[in-house]
Every structure is written in structure tokens, then in C-alpha cells.
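The values are calculated or read from the model by the stated rules, or taken from the named source; none is laboratory data. Everything numeric here is computed off the predicted structure, so don't read it as measured data. Quick reminder, even Gly has a Cβ in these numbers, built from the backbone with ideal geometry, and neighbours come from all protein chains shown. The accessibility values were calculated without ligands, DNA or RNA, using every heavy atom of the protein model including side chains. Shrake-Rupley method; radii C 1.70, N 1.55, O 1.52, S 1.80 Å.
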Amino acid sequence: MEEDGALLGAIARGSKAAFQSFYERHAGRLLGYVLRVTRDRSLAEDVVQEVFTAIWQKASSYQAEQGTPLAWMYRIARNKLVDRWRRGPPGVAWASEAERPVLALVQADPELSMSLERALEGLSPEQRQAVELAVLGGYTHEEAATELSVPLGTLKSRIRMALRHMRALLTE
Amino acid sequence: MMPVNHPPSERLLAYATGAADVPLRLLLETHLSFCPACSREVGRLTAPGGTLLEAVPEEPVPAGLFERIWAEASRHEPPRPVEGVPLPASVLAELPPAEAWRWHPVPGSGSRTARLVREAPGGCGLFLVQMKPGARFPRHAHRGGEEGMVLAGGVWDRGRFLEVGDWDSAPAGSSHELRADEKEGCWALIREECEDVKLTGWRGVLQRAASLLSH
């Protein structure tokens, strides 16, 4: 992790070599994540390209307080995916629920994230639904609240509790 | 100097979970660049995402992908800082270049505004506001909510003096006026819901006339 932070520092100073090292360390797992969400290799490669371009441009903004370099990269990737979904044609519903990334995660192969699975299993069913839709699924909080038929405040409270619980489990 | 006024925790939650729209995301990222306390909270909320990425099995990367990425990235040099406007690189990278910002003076006030991001016609937008030292941003009403922060200098709003990094909000239906610091003036970044700020008095008449002419 320290090495990733140092690489981001060098990228911020314009080092192509550091950029390539960061790419070689993480492109495979980033592509794995985006592919699971999009299920479209060509689209996934485009998103990976967008994410690394953003890393090149934004490396100087990385702050260790905001989490690990991987958490930072995850946030960039998640935002790129969410922006693509939101830019979709207005009024057109998802072709099927299978296009929702949460299902991609649920149906992902069993190798995926033992620790994450463990953390999700530790949640109450309500918290798990809230996390799957609003954190992993790309739903807005309003959409997720509607989907789950709960008030918006209740949904946010469940997400907050779930994230605290997950963090505690993941850092045990 | 650390900010004293922070975004509500639900806003940080929206940012951390991807639920924030683009103007809100950029506004929050700017606040985070000034605020270690909110940065740490976002770090706590997004830790599971980093763990997820760490645990995802690697996918074979196609040959030539790095070259493709480098060809694209090297066309997008890290954004140049804008003098006097301390926006972080992560935000500048999402904005049009400063030369393309279209400034609109607020009549007779020593203030001007530029819209940086527009979500959709009638949707929310992100604005940069510059107020000269001692300038008054005249009383205006909000159909939607307003959230914003001070980028440089300082400003008085409803009896509070806000300094660099400080977060501020005005609920839908409210009205207020602002007065910039007498010495430094103020730069502020503002997210407006509905992009609908109605000036009052003679400025409001001018605003409506300008709106009619532009249609």
C-alpha cells in the first residue's frame, strides 16, 4: 500500500514509469471488477481506460486520509460506471435486472472476495439489501428506498450502520 | 486553517456510496481537499470498496491496453491550477478549461458567476462565484436548495462569517444575501438545485428581462 501511495506521488509529478507500474499492479483487478459489473469486455476495457486516464490527471488530489490508493481507485471506477448508467437514454428502464451490477456481484464466481462475502453475510437482511442496492448496485438512495419500500431516512440509516459493521469486520 | 462548518454526514454518505450527482460530488471533493476530518470519514466509509477491489480475481489484461491508455492519458495532461481559485486537480479535471468559463456579472453588485457544470436542463448545476472585496451579492430566493463552500477569502451569510473550506447551505424556498470580506473578497463554489436563483428588486426585473431576451 505504501508503494501505491509513493507511485501516486510520482504520477502526480508526471512520471510515466510510475504510471505504468501502477497500471501493471492494478489493471488486472480493476478489469476484473469492471468486467463483473458490465459483463461486456469492450465496455470494461473502455472504463478501465477512463479510470487510468483519470488517475493520471488526478493523482495529485489523492490524500491518504481518504483511504488506501485502492479505495481511491475503486471510487473513481464506481463513479465512471455510475456516470455511464446515468447518461443512459432518459426514460429507458434497465433492460433487465441482470444489468444491475449488484446481480453481477451476487452471481460472481465463488473466488470473489471471501472477506467481502464474510462482511456482507454479517449484515442483517435489511442492511444487506441496502448495501447491495445503494453501495454496490449503482442505485441512487432515492431509487433504493423506493425499491425497498422504506423511507429515505431509514435507508440511509441502514447503509450507515452496514458500512460501519463491514468496516469493523474487514479490519478485524 | 481547518474548516469549521462541514457538510451534513448524509452528504458524505452520498459521496462515499456513489449516490451524489456530479455537481455535489465535485463540491464535496473540493471540501475534502480542505478538510482532513471529512476526508477521514469518507476514508472510513469507502474502505469496503478498496477491500472489494483487492479481493476481485485479476482478469488477463489484453496486450496493448497500456499503450492505448497512455495514448489517451497523455492527451489529457493534469489540469493547470487556476490562479486565485484553489480547486483540486480532481475537480479541475472534470471541468471545462478556465478559458471557456462564461462569466455573468450580477448587476451593480461587484459579483459575477460562471456555471461550470450542468446536470440537465433545469437540473442542478455547479457555479463559481467571485465577489470583490466588500461586495454584496444581492438578496435572492431559491426554488431548490443551495449548498456551497468558500474557496478563498471570506463571506458573511445570515450573521455567520464563513472562511476557506467552510460549508454552507440554504434550503429550498429560502432567501438570503451575502457580503464579501472587506479585504480579500470571496471565491465560492455553489451547487444549485433547479438552477433557479431569483434576484429580488430591480435586479430581478433585469434578470427576468434578460431571460426573456435569451429565449
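Listing for the model above:
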quantity	calculated
Residue within region A:3-23 that is open to solvent by less than 10 Å² (accessible area, probe 1.4 Å) and touching a residue at least 60 places away in the same chain (Cβ under 8 Å) present	yes
Any pair with Cβ under 6 angstrom, 6 or more apart, that starts in region B:164-183 at a residue that is more than 25 Å from residue B:32 (Cβ to Cβ) and ends at one that is of a type in the set (Phe, Trp, Tyr) and surrounded by 14 or more Cβ atoms within 10 Å (Cβ to Cβ)	B:179/B:156
Test: residue in region B:158-169 that is open to solvent by 10 Å² or more (accessible area, probe 1.4 Å), closer than 19 Å to residue B:86 by Cα, β-branched (Val, Ile, Thr) and assigned to a loop (DSSP other than H, G, I, E, B)	yes
Members of region B:153-183 found to be at pLDDT below 95 and among the hydrophobic types (A, V, I, L, M, F, W, C), listed by number	B:170, B:172, B:178
Every pair of residues 6+ apart whose Cβ atoms lie under 8 Å, when the first sits in region A:43-61 and is more than 7 Å from chain B (Cβ to nearest Cβ) while the second is assigned to a helix (DSSP H, G or I) and among the polar types (S, T, N, Q)	A:44/A:38; A:47/A:38
Residue within region A:36-52 that is in contact with a Leu (Cβ under 7 Å, 6 or more places away or on another chain) and at pLDDT below 90 present	yes
Helices (runs of 4 or more DSSP H) wholly inside region B:1-116 that include at least 1 residues being open to solvent by 50 Å² or more (accessible area, probe 1.4 Å) and over 21 Å from residue B:184 (Cα atoms)	B:9-16, B:36-55, B:65-73
